[in-house]
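What follows is a single structure, written as structure tokens, with notes after it.
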Amino acid sequence: MATIKDIAAQVGVCVATVSRVLNFDQNMSVSEETRKKIFETAEALNYTPTRTRRSKSKQYTIGIANWYSQKEEVGDPYYLSIRLAVEKKCQELDVQYVNINHLNEEKVIDGLVAIGKFGEEDIKEIEALSPHIVFLDCSPAPKRYDSVIADYEGGVEEALNYLEKLGHKKIAFIGGEEFINKDKQKLDDCREIAYRKWMAQKEAVKEKWVLKGSFTYEDGHRLMGKLLKEKDRPTAVFIASDPMAIGAYKAIFDAGLSIPEDISILGFDDIKTAQFLTPALTTVKVYTEFMAETGVELLIEQLTTGRSLHKKVTIPTALIQRDSVR
């Protein structure tokens, strides 16, 4: 691969002259003939600028910040799948990466992929690590940072339309609550918002059918058990995460009921175990691997091009029809 030194030797000028000409230094005093010869020689030798070559090597080190702890990842593998996909993409691109377990860790990194939900207090700590940031699964400030999110609203609407098409009108919601800024600020869940909006259009919202806890198997079990005690029981339940849906399965079976004969269940995420449940879980698929790949590519693009205009990418979801709904 040709270098600036090779070009300088062939043109008969010093390396500094070639470097300044190729970088369009307006203060460089050189004849047009020499300038033209440098560019022609660079093209003839197929010269690639160092900045461009860098993206194809291990010179970049990317930090991966996950707002979930390792213990929480096991309980809700959604973010685990994103992190593993980020690591896989870095390996494919031959890019080094380090996992950042605490935002105040001192790490030497070129850019950062932040997985999860982050508030302004969290972002200040992230910015201290690197100015080059891509957020996955949230978009806290689209004009300031790149981000990749899933189309949660579209996924919820498709799921509820599917239930309605099958004759369901009495549809409950089980979801989780999440917090940012050191757990001081509760987030509004876009899945719950989309559910309420859709049900309101049908004039079918019932507060006793909207139950929230944490995105865990345990709370899925607890909240479904509470819902089953209602005399006016729904015919279907939309559950905002597959781990919660798995917990709900157990509560239904513990009550001596069957899925989908007595109650239909529709989840969200399409984690790997969803297809192996009995019955197999109908759910909304979030393309976590594609989200992660897109995020890493955006960060490398930031680093190699230096662009200042930021991108917000929305990845579509897909309804996966299996056996838990009828």
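Structural remarks
- Within the stretch 4-63, if we keep just the residues that are at pLDDT below 80 and aliphatic (A, V, I, L, M), the residue that is surrounded by the most Cβ atoms within 10 Å (Cβ to Cβ) turns out to be L22.
- Here the stretch 175-194 is the region considered, the condition is being among the charged types (D, E, K, R) and assigned to a helix (DSSP H, G or I), and the residue that is nearest to T317 (Cα to Cα) is R191.
- Residues being surrounded by fewer than 20 Cβ atoms within 10 Å (Cβ to Cβ), under 12 Å from S81 (Cβ atoms) and among the hydroxyl-bearing types (S, T, Y) - total across the stretch 269-312: 2
- In the stretch 177-207, the residues that are under 26 Å from E261 (Cα atoms) and either free of Cβ contacts under 8 Å to residues at least 60 places away in the same chain or touching a Ser or Thr at 6+ places or on another chain (Cβ under 8 Å) (or both): E192, Y195, R196, W198, M199, K202, E203, A204, V205, K206, E207
- Any chance V148 is crowded, with 19+ Cβ neighbours inside 10 Å, more than 17 Å from T282 (Cβ to Cβ) and either at pLDDT 95 or above or not polar (S, T, N, Q) (or both): yes
- Checked against the criterion of being on the phi > 0 side of the Ramachandran plot and open to solvent by 10 Å² or more (accessible area, probe 1.4 Å), the stretch 89-108 has at least one qualifying residue.
- The requirement of being at pLDDT 90 or above and within 19 Å of V108 (Cβ to Cβ) is fulfilled nowhere in the stretch 74-81; no residue meets it.
- For the stretch 211-254, filtering for residues that are open to solvent by 60 Å² or more (accessible area, probe 1.4 Å) and not in a helix (DSSP H, G or I) leaves 4.
The rows are residues; the columns are (1) of a type in the set (A, V, I, L, M); (2) in contact with a strand residue (DSSP E or B) (Cβ under 6 Å, 6 or more places away or on another chain).
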| residue | (1), (2) |
| --- | --- |
| F215 | no, yes |
| K231 | no, no |
| F238 | no, yes |
| A251 | yes, no |
| I263 | yes, no |
| F276 | no, no |
| L281 | yes, yes |
| G295 | no, yes |
| V313 | yes, yes |
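- Test result for N99, polar (S, T, N, Q) and modelled with pLDDT of 90 or more: yes
- Flag if N161 is loosely packed, with under 15 Cβ neighbours inside 10 Å and closer than 30 Å to Q201 by Cα: yes
- The stretch 199-210 - residue that is open to solvent by 20 Å² or more (accessible area, probe 1.4 Å) and closer than 14 Å to E157 by Cα and, of those, modelled with the lowest pLDDT: K202
- Taking the listed residues L136, L112, the one that is over 20 Å from D270 (Cβ atoms), among the hydrophobic types (A, V, I, L, M, F, W, C) and open to solvent by less than 40 Å² (accessible area, probe 1.4 Å) is L112, with no other qualifying.
- Of all residues making up the stretch 229-269, the number that are over 13 Å from S324 (Cβ atoms) and among the aliphatic types (A, V, I, L, M): 4
- Condition broken by G155, with the remaining ones in (1) of a type outside the set (V, I, T); (2) in contact with a helix residue (DSSP H, G or I) (Cβ under 7 Å, 6 or more places away or on another chain); (3) open to solvent by less than 40 Å² (accessible area, probe 1.4 Å) satisfied: (2)
The values are calculated or read from the model by the stated rules, or taken from the named source; none is laboratory data. Given the structure is predicted, the values throughout are model-derived calculations rather than measurements. As a convention, Cβ positions derive from the backbone with ideal geometry for all residues, glycine included, and neighbour counts pool all protein chains shown. Note: accessible area is taken over every heavy atom of the protein model, side chains too, but ligands, DNA and RNA are not part of it. Shrake-Rupley method; radii C 1.70, N 1.55, O 1.52, S 1.80 Å.
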